Each structure stands twice: as C-alpha cells, then as structure tokens.
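Undergrad: Please find one structure pasted underneath; my questions will follow.
What follows is calculated from the coordinates using simple rules that are stated; it is not laboratory data. No experiment lies behind these values; they were computed from the predicted model shown. Reconstructed Cβ throughout: ideal geometry from the backbone, glycine too, with neighbour counts over all protein chains shown.
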Amino acid sequence: SPAKVAGLKTLDEITKLQRGIDLIRPKQVEEVQNFVKKYGGEEIIVTIKRNGGEIDLRLVPRENPPAGQGAIGINLAKTGLVSFPWYEAIWRGVRDTGIMTANITIALGVFFKNLFVDSNLNADVSGPIGIAVITGQAASLGFNYLLQFVALLSINLAVLNIMPFPALDGGRLLFIVIEKLKGSPVSRKVEGFINAAGFTFLIALMIWITVKDV
C-alpha cells in the first residue's frame with residue numbers, strides 16, 4: 001500500500017497533511033479521509049509524530065484502491081488520554097481489574113480447551129521474548145501505557161498461578177482440598193509424580209512459545 005511504501009508504522013500519529021498550499025492539521029479521522037480522497041493520484045506530504053519527533057513522508061493516495069483497503073491503506077483511530085478525579089479513578093480501577101481478570105480467565109480456559117480437547121496449539125500467546133518486545137512498545141508510548149501493561153501482566157500471572165494445575169499454587173490448593181474431603185493426606189509419591197508431570201508440561205510449553213516468539 002502507499003502507506004507501507006512511504007514508511008508509515010503502527011501507532012504513528014498524523015499531525016499534518018499538505019498538498020502545495022493546502023495544509024491541514026487534522027483533529028478528526030474524517031479530515032484525513034477527506035484529504036487523501038481529494039488528492040487521489042497526487043503526491044501529498046504526511047507529517048507524523050514518532051518517538052517524540054516529527055517526520056515528513058511523501059505518498060500518493062490511490063484513486064481506485066482495492067476493496068476494504070482505503071486510499072493509502074491504513075486504519076485510523078482517534079486517540080487521547082482520559083483522566084478522572086482520584087475518587088472516581090479508584091472504583092474504575094477496581095472495575096477494570098475485575099473485567100480484565102474475567103477476560104483473562106476466559107481466554108486461558110479457551111487456550112487449555114483448545115490444547116487438551118482439540119489438540120490445537122495455534123494460539124496467540126507470548127513468552128519472555130514476546131513480553132519483552134511488547135513491554136518496549138508500551139514504554140515507547142509513555143509511562144501510563146507501560147503501567148497499564150504491567151498491571152495486565154500482573155493480573156495474568158495471578159490468574160494463571162491460581163489455576164488448579166500441577167506445579168502451580170492452584171495445584172497445591174487442589175491437593176489440600178482433596179485431602180480435606182477424603183480426610184487423609186494424598187500419597188506424597190503420587191503428588192510428586194503429578195507435580196513433576198505438570199512442571200514438565202509447563203517447561204515444554206514455555207520452550208514452544210519461546211521458539212514461536214523467536
């Protein structure tokens with residue numbers, strides 16, 4: 001697409017569009033769309049903000065673009081920072097944490113269902129390498145984005161760790177519940193074997209995800 005050829009990247013912020021003396025500083029998505037449509041087939045200058053600096057890129061919007069791609073081939077979104085009073089921010093934080101916890105729980109449930117029931121490992125997951133890359137991207141956007149991503153990782157780790165799976169804290173809690181229900185300790189040999197099997201599976205999963213990340 002013209003955008004890819006010109007060097008536009010995800011998260012670039014369009015600050016200015018120019019064709020000759022016609023110059024706009026768009027505040028709405030529609031302004032960008034109307035400008036590139038107006039100068040279809042003609043070279044325009046797109047000024048974008050990236051990593052704290054501004055860059056001028058030249059591209060030619062397509063007059064008859066492929067279906068669903070648009071004149072220059074990008075998805076546009078209006079973004080901004082929303083701030084709340086501290087007393088409102090607290091309950092919104094609690095609410096958002098609950099929503100993220102529920103979504104992560106559902107996503108992990110679907111992941112393990114696909115893994116054990118459908119024998120399908122084709123999942124969009126990341127290990128240490130992928131997380132490091134995404135953390136760098138979040139940090140480049142600003143501290144607020146980085147803090148939100150760290151919160152997401154923390155909730156994800158909490159949900160994963162409490163799952164009743166061998167070698168995790170949730171697995172240990174499951175054995176404790178079983179012992180309470182049966183009134184006697186679970187055989188340490190059996191417990192050790194199950195935990196070893198679970199640990200081996202987790203290591204294998206981590207290796208597979210790391211290879212996928214690389």
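Undergrad: List the residues whose amide H sits under 5 Å from the amide H of R50, counting only those 5 or more places along or on another chain, with H placed 1.01 Å from N in the peptide plane.
TA: Excluding prolines and chain starts, which carry no amide H, the hits are I55.
Undergrad: Among A132, L115, Y39, flag the residue with its Cα farthest along the positive direction of the charge dipole of the stretch 1-145, charges on Cβ as +1 for Lys/Arg and -1 for Asp/Glu.
TA: Of A132, L115, Y39, it is Y39.
Undergrad: Now, a different point. If you average the alpha carbon positions of the stretch 59-97 and of the stretch 144-214, how far apart do those two centres end up, in angstrom?
TA: Value for the Cα centre distance between the two parts: 35 Å.
Undergrad: What's the angle, to the nearest 10 degrees (0 to 90), between helix 128-141's Cα axis and the longest principal axis of the chain?
TA: Result, in degrees: 40.
Undergrad: How far apart, in nm, are two points set 7 Å out from the Cα along the Cα-to-Cβ line at L153 and at S1?
TA: In this crude spin-label approximation the distance works out to 3.0 nm.
Undergrad: Given the DSSP H assignment, sum -39500 (n - 2.57) over each helix run of at least 4 residues in the chain and divide by its residue total; what's the result at 222 nm in deg cm²/dmol, nearest 500?
TA: Only helices count here, giving -19000 deg cm²/dmol.
Undergrad: Measure nothing fancy, just the Cα-based angle from helix 188-213's long axis to the longest principal axis of the chain, in degrees from 0 to 90, nearest 10.
TA: 10
Undergrad: For the stretch 39-134, take the convex hull of the Cα atoms, compute a quarter of its surface area, and give me that in nm², please.
TA: Over all viewing directions, the stretch 39-134 projects a mean Cα-hull area of 11.4 nm².
Undergrad: State to the nearest 20 debye the size of the charge dipole of the stretch 109-214 about its Cα centre, where the only charges are +1 on K and R beta carbons and -1 on D and E beta carbons.
TA: Charge dipole of the stretch 109-214: 360 debye, to the nearest 20.
Undergrad: With a ≥ b ≥ c taken as the square roots of the eigenvalues of the C-alpha gyration tensor of the stretch 1-79, please select rounded if a/c is under 1.5 and otherwise prolate if a/b is larger than b/c or oblate if it is not?
TA: It is rounded, given that a/c, with a ≥ b ≥ c, falls under 1.5.
Undergrad: Helix 86-116 versus the longest principal axis of the chain: what is the Cα-based angle in degrees, 0 to 90, to the nearest 10?
TA: Roughly 70 degrees between the two axes.
Undergrad: Counting C-alpha atoms alone, how compact is the chain: give Rg to one decimal and Dmax as a whole number, in angstrom.
TA: 24.9, 84
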